[in-house]
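Before anything else, here's the structure in question.
The values are calculated or read from the model by the stated rules, or taken from the named source; none is laboratory data. Everything numeric here is computed off the predicted structure, so don't read it as measured data. Glycine also receives a Cβ, built like all others from the backbone with ideal geometry; neighbour counts cover every protein chain displayed. The protein model used for the area step is the full one, side chains on, heavy atoms only, and it has no ligands, DNA or RNA in it. Shrake-Rupley method; radii C 1.70, N 1.55, O 1.52, S 1.80 Å.
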Amino acid sequence: MHPTNKTAAIDVTPLLAFSDNYIWLIRGPGDCAGTVVVDPGEARPVIETLDTHGLRLHAILLTHHHHDHVGGAAELAARYAVPVIGPATEDIAARTRAVTGGDTVLLEEPGLRFTVLDTPGHTRGHIAFHGHGALFCGDTLFSAGCGRLFEGTAGQMHDSLERLAALPGSTKVYCGHEYTVDNLHFARAVEPENTAVRAYLERADILRSSGRPTLPSSLELEIAVNPFLRCGQPAVRESAARRAGRALATTVEVFTVVRQWKDTFKRALT
Ligand code: ZN
Ligand code: FE
């Protein structure tokens with residue numbers, strides 16, 4: 001098999017950083033000790049894992065400039081002499097290669113190839129990496145939620161999410177944070193009748209109570225449960241219109257109301 005075959009299987013491990021960030025450690029189909037990390041907010045969990053398992057780091061991928069995603073990049077880059085590949089339009093001191101939507105990231109040794117997607121909204125220059133049936137989407141798409149609008153507009157975030165949702169349904173979704181349970185409580189408030197949300201919440205509660213990640217999710221699942229990908233669904237539109245106290249004509253208006261609703265949502269204590 002060609003070492004950079006796009007569909008060749010990859011092995012992805014979550015490394016916990018801070019309280020709820022995931023650093024994704026990817027092993028490609030090529031050099032079996034070769035790895036790449038996505039969004040190393042801290043260097044320590046990466047160094048420990050590489051040491052423990054005798055793995056080699058080949059590159060660092062960054063989705064956006066926030067400290068909880070880039071904080072460990074400079075230390076890792078210096079220690080392992082690897083490239084730091086990140087969004088072209090963001091100010092990231094450790095970045096050595098700037099990429100933008102449509103670019104291809106080819107990493108020969110671990111045998112990995114990713115396409116870069118522009119996903120502005122959470123930050124202005126946010127990007128995602130797609131390849132090998134996997135999506136590394138940082139703080140754009142969360143399971144059952146989406147990132148806050150710190151720099152971009154609701155319209156930009158809505159478009160970014162649509163772009164991600166257009167990828168194959170089987171695509172595995174590797175997000176930057178473990179927010180799934182809280183997000184599902186909100187999703188249930190938006191769509192009380194959505195049985196997929198209820199079933200997923202039960203599953204996610206079980207996973208979290210045993211300390212396991214809920215991720216990766218899949219795009220198929222996200223399209224069934226994530227209110228931010230469901231703004232065209234009548235149930236979400238009606239719920240958002242009730243919240244806003246007026247009719248909402250477009251899916252961007254629905255998205256805007258749902259995003260503002262989420263910003264102040266407090267889940268009921270159960
Ligand atoms: Zn962020
Ligand atoms: Fe973050």
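Suppose we look only past 19 Å in the calculated P(r) of the stretch 118-176. What percent of the Cα-Cα pairs does that tail hold?
18
In the chain, carbon and sulfur make up what percent of the accessible area (probe 1.4 Å)?
51
Along the positive direction of the dipole of the stretch 5-263 (beta-carbon charges: Lys, Arg +1; Asp, Glu -1; about the Cα centre), which of H53, A9, I206 reaches farthest?
Final value for the positive-end residue is I206.
Continuing with this model, one more query. Could you list which residues have their amide H under 5 Å from that of F142, counting only those 5 or more apart in sequence or on another chain, with H placed in the peptide plane?
Excluding prolines and chain starts, which carry no amide H, the hits are G147.
Another question, then. Once amide H atoms are built 1.01 Å from N in the peptide plane, which residues 5 or more positions from V99, or in another chain, come under 5 Å H to H?
G86, A88
Right, another one. Rounded to the nearest 500, what is the chain's calculated 222 nm mean residue ellipticity when only DSSP H runs of at least 4 contribute -39500 (n - 2.57) each, over all residues?
Helices in the chain give a 222 nm mean residue ellipticity of -10000 deg cm²/dmol.
Now for a separate question. Using +1 on the beta carbon of Lys and Arg, -1 on that of Asp and Glu, and nothing else charged, what's the dipole of the stretch 148-270 about the Cα centre, debye to 20?
The dipole of the stretch 148-270 has a size of about 280 debye.
Assuming R0 = 25 Å, what is the FRET efficiency of A81 and I206, from their Cβ-Cβ distance, to the nearest 0.05?
The computed FRET efficiency comes out at 0.05.
Here's another thing I want to ask about it. For the chain, give the magnitude of the charge dipole about the Cα centre (Cβ charges: +1 Lys/Arg, -1 Asp/Glu; no others), in debye to the nearest 20.
600
Counting only heavy atoms of protein chains, what accessible area per residue, in Å², does the chain have with a probe of 1.4 Å?
43
Taking the inverse of the average 1/r across all pairs of different Cα atoms in the stretch 1-70, what Kirkwood radius in Å do you get?
Taking every pair of different Cα atoms in the stretch 1-70, averaging 1/r and inverting gives 12.6 Å.
When only alpha-carbon atoms count, how far does the stretch 45-120 stretch along each of its three principal axes, as whole angstroms with the largest first?
That works out to 36, 28, 17 Å along the principal axes.
Compute the signed sum of charges (Lys and Arg +1, Asp and Glu -1) over the other residues within less than 12 Å, Cβ to Cβ, of S209.
+1
Suppose each label sits 7 Å from its Cα in the direction of the beta carbon; what would the R148-E48 distance come out to in nanometres?
2.7
Over 17 Å apart: what share of the alpha carbon pairs of the stretch 150-235 falls there, rounded to a whole percent?
Cα-Cα pairs of the stretch 150-235 separated by over 17 Å account for 51 percent.
Then there is this: Only bridges whose two residues both fall in the chain count here: according to DSSP, what percent of them are antiparallel, nearest 5?
65
Once every Cα of the chain carries one equal point scatterer and solvent is ignored, give the base-10 log of I(q)/I(0) from the Debye formula at q = 0.09, 0.14, 0.17 Å⁻¹, two decimals.
-0.40, -0.94, -1.32
Set the Förster distance to 25 Å, then compute FRET efficiency between T115 and L16 from the Cβ-Cβ distance, nearest 0.05.
Once rounded, the FRET efficiency stands at 0.35.
Per residue of the stretch 125-137, what does 6.51 cos²θ - 1.76 cosθ + 1.60 with θ = phi - 60° give for ³J(HN,Hα)? Whole Hz please, x for Gly and Pro, Karplus curve as stated.
Calculated HN-Hα couplings, in order: x, 3, 10, 10, 10, 10, x, 6, x, 10, 10, 10, 10 Hz.
Above 22 angstrom, tally the Cα pairs of the stretch 62-188 and express them as a % of all pairs, no decimals.
Within the stretch 62-188, distances greater than 22 Å cover 34 percent of Cα pairs.
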